[in-house]
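The values are calculated or read from the model by the stated rules, or taken from the named source; none is laboratory data. Since the structure is predicted, the reported quantities are computational estimates derived from the model, not experimental observations. Cβ atoms come from the backbone with ideal geometry, glycine included; neighbour counts cover every protein chain shown.
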Amino acid sequence: MNVINNKWIGSRTIRPDGADKVTGRASYSADTSMPGMIWGKVLRSPHAHARIVSIDTSRAEAHPGVKAVVTAKDIVEFPLDKSVMLGIQDMRWMSRNVLAREKVLFHGHPVAAVAAMSERIAAEACKLIEVVYEVLPHVIEIEEAIKPDAPILHDFLSFEGKPSNIAGKLEHKLGDVEAGFAKADVVIERHFKTRPVHQGYIEPHSALVSVVDGKAVIWSSSQGQFMVRAMTSLLTGIPQSDIRAIPAEIGGGFGGKTIIYLEPVATILAKKTGRPVKMVMTRDEVMRATGPTSGSMSTVKIGATKDGKIVAAQGTFYLQAGALPGSPIRGAAGCAFAPYDIPNVHSTGFDVVSNRSKVAAYRAPGAPIGAYAAECVLDEVAEALGMDPLELRLKNAARQGTKAAHGPVFPVIGFVDTIEAAIAHPHYKTPLGKLQGRGVASGFWFNAGGESSAQVNITEDGNVAVTTGHPDIGGSRASIANITAELLGIDYKRVSVLIGDTATIGYSNLTGGSRVLFASAMVVTQSTEKVIKTLCERAAKIWKIDPEAVVWEDGEAKPAGENAGKFPALSLVDIAAKASETGGPIGAGVQQNTQGAEGGFATHVCDVEVDPELGIVRVLRYTSFQDVGRAVHPSYVEGQMQGGAAQGIGWALSEEYLYDKNGKVDNASFLDYRMPVCSDLPMLDAVMIEVPNPKHPQGVRGVGEVPLVPPLAAVANAVANALGKRFYSLPMSPPRVLEVLDGA
Amino acid sequence: MAKMHVATTINGEPEEFLCEPHDSMLDLLRGALGLTGAKEGCGTGDCGACSIMLDGRLVCSCLMLAPEAEGRKIDTIEGMAQGETLHPLQQKFLEMAALQCGICTPGVLMASRALLERNPDPTETEVRFWLAGNLCRCTGYDKIVRAVLETAAEMRGAA
Ligand code: FES
Ligand code: FES
């Protein structure tokens with residue numbers, strides 16, 4: 001591990017992209033335009049489920065101002081019987097999500113797209129496309145979709161030998177749960193439901209594509225320029241070497257921008273018309289046809305002995321995939337019990353399709369759903385045992401050496417530390433009034449490493465230019481600048497950090513899985529170390545001594561001790577000025593499939609007050625305790641914790657999709673889909689606990705996703721504590737709260 | 001239909017443009033006028049990302065028709081800093097990390113400035129209710145509210 005003097009790592013520097021973002025200069029995808037640019041618009045399905053009998057585009061094509069029309073026949077066909085995987089995405093489903101092929105599977109499913117001289121003409125022309133549908137019965141909710149007589153979405157899917165909407169199953173087993181429950185003094189089993197919720201990024205999806213001489217350039221709002229390149233290549237047949245995907249500044253993603261929607265469509269339209277094509281979704285389109293994350297139906301059973309030792313846990317999690325397979329059952333089934341050392345675990349996930357938009361990742365995909373059920377049951381177990389809920393968690397907490405049901409044996413982890421910090425925190429001792437309650441919950445997320453590339457160059461004037469390959473959504477450039485400045489021993493302001501496009505930096509995996517700082521810090525550190533080695537070699541050359549006799553200290557090359565000789569130190573500027581004479585430009589790059597991103601843990605404490613007249617639940621106090629490994633830039637780590645808590649509060653209290661009887665989303669706007677606004681929330685305290693990850697040069701653990709794992713249960717347990725009544729379904733919105741109170 | 005001619009003042013400078021009667025001010029700003037600092041998060045007045053000032057009043061430019069700009073004064077995020085010198089709110093937002101993705105930031109800053117012009121000493125609750133029309137999905141609002149309160153205190157101290 002590097003010796004770090006901590007001048008920059010851990011300091012709250014001003015982010016390199018900050019001034020652009022507070023002045024309105026920062027360029028997001030929809031802010032970009034090109035000469036000769038025209039506009040694309042998508043025609044979407046008016047039905048929740050229908051066979052496409054025919055599509056006639058001739059009237060639209062003849063409409064004045066229309067330049068091209070595309071349908072599924074213009075994109076590469078991926079036959080239904082053969083899986084083509086790209087990461088965790090199956091291109092069979094991705095292609096059909098981008099443009100419907102055999103059937104439309106949800107209201108808002110793209111059917112065709114038009115490019116025209118203006119957005120208005122394109123929208124008019126969409127109405128002239130004649131689609132003949134054979135409307136089919138639809139199904140929205142899981143409980144309906146898994147009934148034996150449910151309308152079947154895909155006749156190629158079967159489960160246990162019968163046509164089914166269950167698209168997949170995943171199981172984790174450890175020990176013997178039956179034997180475990182037999183030993184338990186207290187066994188509690190409960191059923192839970194959660195609703196699908198949208199990632200809710202404020203920037204709608206957007207893409208601008210130009211295709212010249214068969215070479216495409218794509219500016220889009222995405223969490224991964226390399227993912228955009230790969231998927232667009234697969235769907236359009238254009239080789240990756242002829243696609244340059246540029247990561248625009250991105251206005252939020254939370255996982256929802258880890259797949260493509262508009263990019264291949266705009267690419268084909270641009271190719272057909274020979275003009276740059278811009279497409280921007282409306283909020284209505286975002287709500288109907290992108291994301292969300294799954295709704296769920298789960299059953300969790302936990303058994304414990306009198307002394308508070310959990311002896312068995314069983315969970316069954318049905319998750320909505322939306323119209324095409326692929327819900328995050330791994331997150332639900334894998335993370336639900338992972339925070340605890342439980343000898344007997346059986347956790348099963350089912351992937352269920354129904355006539356909703358295809359789910360996309362949302363911060364720790366699946367894990368909040370699993371944790372909600374498990375942590376609510378734990379609360380009841382604590383109650384039954386007469387134990388403090390944090391003491392129960394502490395007693396059973398996973399530690400170094402604990403074997404998790406999903407496979408790994410945990411290395412050094414800071415879970416216990418988060419619980420102890422919560423117990424000791426003043427929040428946990430604050431007195432509560434009438435109709436007020438306190439809830440706690442913990443959570444785990446896997447975290448990811450994966451492919452990452454970096455290039456660190458010394459400029460001729462002795463400053464530093466770093467390029468990495470993961471789009472920066474929440475301050476990762478600032479963290480990379482902190483690390484580079486630290487390693488080189490120079491002022492933070494002398495480091496500039498850029499996110500490269502697919503042509504200027506090596507392959508780097510998505511901004512997702514809480515990987516960005518973990519992975520990019522690793523390759524940036526190695527690159528910088530190579531640069532430092534070169535700097536020492538150059539100094540040695542100038543001094544005509546052995547390179548081994550030079551050390552790099554405080555931003556300067558110095559002779560290593562008396563024997564090396566007496567020379568005045570050489571700064572970065574000095575060495576850069578002589579770079580050409582001493583061997584050429586100075587820089588280094590590293591590309592790697594990074595390993596060792598260990599899991600993350602958090603414990604949250606939430607206080608609420610319930611208004612029994614209005615059914616409103618107000619969060620009074622909220623404190624998150626998280627093992628963050630090392631907070632390279634504390635403000636942005638806190639920001640992740642606070643943002644996750646706020647999203648979790650929304651999930652717990654107000655957010656949900658409402659469908660009408662025709663299977664159409666009834667609340668596809670910010671006004672009606674109620675995300676927390678500023679006046680809904682209190683300050684969100686973030687307590688960072690640093691248990692460095694031994695497998696990372698700076699000790700970094702992913703921090704972005706764990707914050708969304710505990711809040712659902714923390715809020716639910718707080719409401720239960722306030723009312724003495726439990727909810728087993730989210731959101732706990734005013735009408736639901738009143739229903740439960742009236743049922744008293 | 002013939003385009004309409006509109007003469008207005010934007011960030012203190014005279015400006016003229018042609019528009020369709022149904023164009024929104026946001027479309028004009030982001031399109032013909034090239035001022036892309038105001039963002040479209042919804043187009044329906046629900047997110048505040050498009051916030052601008054019209055004759056000193058905070059409005060959602062997505063809900064304003066472009067022809068309404070005739071003879072009026074418009075201020076956008078592009079006019080908030082004086083050259084290289086950031087407005088105290090902009091500076092404080094950077095220092096306190098009151099933004100993550102930054103898409104809501106221009107609107108939040110415009111709204112916050114409008115608040116402090118009216119009320120130089122707001123309570124936390126007043127800040128929260130004033131900003132209730134500006135959605136931010138990244139920050140949970142904590143650092144935004146703190147930055148506004150802190151700026152207000154500093155500006156009062158300096159005044
Ligand atoms: S874009 Fe105007 S309020 Fe959302
Ligand atoms: S910083 Fe991303 S929406 Fe506010």
(request) Among the residues of segment A:17-30, write down those that are out of contact with any Phe, Trp or Tyr (no Cβ under 9 Å at 6 or more places or on another chain), touching a residue at least 12 places away in the same chain (Cβ under 8 Å) and not acidic (Asp, Glu). (result) A:26, A:28, A:30
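Given the structure, is residue A:440 part of a strand (DSSP E or B), assigned by TED's automatic domain parsing to the domain that holds residue A:399 and at pLDDT 95 or above? Reasoning before the result, please.
Values: part of a strand (DSSP E or B): yes; assigned by TED's automatic domain parsing to the domain that holds residue A:399: yes; at pLDDT 95 or above: yes.
When the stated conditions are applied, residue A:440 passes them.
Quick check, is residue A:571 surrounded by fewer than 19 Cβ atoms within 10 Å (Cβ to Cβ) and either at pLDDT 95 or above or not small (Gly, Ala, Ser) (or both)?
Numbers: surrounded by fewer than 19 Cβ atoms within 10 Å (Cβ to Cβ): yes; either at pLDDT 95 or above or not small (Gly, Ala, Ser) (or both): yes.
Spelling it out, residue A:571 is indeed surrounded by fewer than 19 Cβ atoms within 10 Å (Cβ to Cβ) and either at pLDDT 95 or above or not small (Gly, Ala, Ser) (or both).
Yes or no, residue by residue, for (1) closer than 26 Å to residue A:671 by Cβ; (2) modelled with pLDDT of 95 or more; (3) crowded, with 24+ Cβ neighbours inside 10 Å:
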position: B:18; (1), (2), (3): no, yes, no
position: B:28; (1), (2), (3): yes, yes, yes
position: B:46; (1), (2), (3): yes, yes, no
position: B:53; (1), (2), (3): yes, yes, no
position: B:57; (1), (2), (3): yes, yes, no
position: B:80; (1), (2), (3): no, yes, no
position: B:88; (1), (2), (3): no, yes, no
position: B:95; (1), (2), (3): no, yes, no
position: B:108; (1), (2), (3): yes, yes, yes
(request) Filter segment B:138-151 down to the residues that are surrounded by 20 or more Cβ atoms within 10 Å (Cβ to Cβ) and facing another protein chain (nearest Cβ under 9 Å), then identify the one that is nearest to the chain's Cα centre (by Cα). (result) B:144
(message) I'd like the full set of residues that are more than 15 Å from residue A:272 (Cβ to Cβ), among the aliphatic types (A, V, I, L, M) and crowded, with 16+ Cβ neighbours inside 10 Å, limited to segment A:43-75.
(response) A:43, A:48, A:50, A:52, A:55
(request) For residues that are at the interface with another protein chain (Cβ under 9 Å from one of its Cβ atoms), within 16 Å of ligand 2 (Cβ to nearest atom) and assigned to a helix (DSSP H, G or I), tally how many sit in segment B:36-95. (result) 6
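For the condition surrounded by 24 or more Cβ atoms within 10 Å (Cβ to Cβ), under 20 Å from residue A:293 (Cα atoms) and out of contact with any helix residue (DSSP H, G or I) (no Cβ under 7 Å at 6 or more places or on another chain), what is the one hit in A:373, A:367? So that I can check it myself, show each step before the final result.
Details: A:367 fails: out of contact with any helix residue (DSSP H, G or I) (no Cβ under 7 Å at 6 or more places or on another chain).
Of A:373, A:367, the one residue that is surrounded by 24 or more Cβ atoms within 10 Å (Cβ to Cβ), under 20 Å from residue A:293 (Cα atoms) and out of contact with any helix residue (DSSP H, G or I) (no Cβ under 7 Å at 6 or more places or on another chain) is A:373.
So for segment B:88-102 (the condition being farther than 25 Å from residue A:635 by Cα and either more than 14 Å from ligand 1 (Cβ to nearest atom) or among the acidic types (Asp, Glu) (or both)), does at least one residue qualify?
The answer is no; no qualifying residue exists.
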(request) Only one of these is more than 10 Å from ligand 1 (Cβ to nearest atom), among the small types (Gly, Ala, Ser) and touching a His at 6+ places or on another chain (Cβ under 7 Å): B:32, B:7, B:81, B:69. Name it. (result) B:81
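Is it fair to say residue B:135 is under 16 Å from the mean Cα position of the chain (by Cα), facing chain A (nearest Cβ under 8 Å) and within 16 Å of ligand 1 (Cβ to nearest atom)? If you could, list the steps in order and put the result at the bottom.
Details: under 16 Å from the mean Cα position of the chain (by Cα): yes; facing chain A (nearest Cβ under 8 Å): yes; within 16 Å of ligand 1 (Cβ to nearest atom): yes.
In short, yes.
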(message) Need the failing condition index for residue A:581 against (1) out of contact with any strand residue (DSSP E or B) (no Cβ under 8 Å at 6 or more places or on another chain); (2) of a type outside the set (S, T, N, Q); (3) in a strand (DSSP E or B), just the number.
(response) (3)
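Every residue, every condition in (1) touching a residue at least 24 places away in the same chain (Cβ under 8 Å); (2) touching a helix residue (DSSP H, G or I) at 6+ places or on another chain (Cβ under 8 Å); (3) of a type in the set (Ser, Thr, Tyr), yes or no:
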| site | (1), (2), (3) |
| --- | --- |
| A:10 | yes, yes, no |
| A:32 | yes, no, yes |
| A:36 | yes, no, no |
| A:49 | yes, no, no |
(request) Check off (1) farther than 23 Å from residue A:119 by Cα; (2) more than 15 Å from ligand 2 (Cβ to nearest atom) for residue B:24 and give me the number that stays unchecked. (result) (1)
(request) Filter segment A:155-209 down to residues that are within 16 Å of ligand 2 (Cβ to nearest atom) and either away from every other protein chain (no Cβ under 14 Å) or among the acidic types (Asp, Glu) (or both), then give me how many there are. (result) 1
(message) Looking at A:598, A:609, A:553, can you tell me which residue is among the acidic types (Asp, Glu), within 30 Å of residue A:331 (Cβ to Cβ) and touching a residue at least 60 places away in the same chain (Cβ under 8 Å)?
(response) A:598
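In segment B:25-34, is there at least one residue being of a type outside the set (A, V, I, L, M) and in contact with a Lys or Arg (Cβ under 7 Å, 6 or more places away or on another chain)?
no
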(request) Determine, yes or no, whether residue B:99 is within 14 Å of ligand 2 (Cβ to nearest atom) and within 14 Å of another protein chain (Cβ to nearest Cβ). (result) yes
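Look through segment B:106-132, keep the residues that are within 20 Å of residue A:645 (Cβ to Cβ) and of a type outside the set (A, V, I, L, M, F, W, C), and return whichever of them is nearest to the other protein chains (Cβ to nearest Cβ). Let's see the steps before the verdict.
Our first condition is that a residue be within 20 Å of residue A:645 (Cβ to Cβ); within segment B:106-132, this holds for B:108, B:124-125, B:127-128, B:131-132.
Those left that are additionally of a type outside the set (A, V, I, L, M, F, W, C): B:124-125, B:128.
Working: B:124: 8, B:125: 8, B:128: 4 Å.
Once the filter is applied, the top-ranked residue is B:128.
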(message) Any residue at all in segment A:316-331 that's touching a Gly at 6+ places or on another chain (Cβ under 6 Å), aliphatic (A, V, I, L, M), in a loop (DSSP other than H, G, I, E, B) and touching a residue at least 60 places away in the same chain (Cβ under 8 Å)?
(response) no
(message) Of the conditions (1) more than 7 Å from chain A (Cβ to nearest Cβ); (2) in a helix (DSSP H, G or I); (3) buried (at least 21 other Cβ atoms within 10 Å of the Cβ), residue B:154 satisfies every one except a single condition; which number is it?
(response) (3)
